[in-house]
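S.K.: The structure that follows is given in the form of structure tokens.
The values are calculated or read from the model by the stated rules, or taken from the named source; none is laboratory data. No experiment lies behind these values; they were computed from the predicted model shown. Please note: Cβ atoms are built from the backbone with ideal geometry, for glycine as well, and neighbour counts cover all protein chains shown.
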Amino acid sequence: MNVSNLSLGTRLGLGFATVLLLMIAMAAFGVFRVTRIIDSNQVISDKTHRFVLAAQWRADTQLNLTRALASPRPVTRPRWAPTSSHR
């Protein structure tokens, strides 16, 4: 069967159906890609949040160390430590 043997209405209908199928395929591909981008964005967001938490923990630890080293309390020997009998 030759395409030129089909009536004008049939050829227009086939052309419209082809364009419609291509649009549906492109829309499905677009939705698929957008969902992958959303998933990737969630992974990046989780990693960024973990990085922020780790940076905050490091800053807090550094602040605690600075405060402990700046403390005016004298360093004393713990009670459980043995006394030195060598003098």
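S.K.: Identify all residues within the range 8-18 that are of a type in the set (A, V, I, L, M) and surrounded by 10 or more Cβ atoms within 10 Å (Cβ to Cβ); write none if there are none.
M.R.: Listed by number, the residues that qualify are Leu12, Leu14, Ala17.
S.K.: Ok, one more. Consider Asn5 against the criteria (1) at pLDDT 95 or above; (2) exposed (fewer than 10 other Cβ atoms within 10 Å of the Cβ): it satisfies all of them except one. Which criterion is unmet?
M.R.: The single condition Asn5 does not satisfy is (1).
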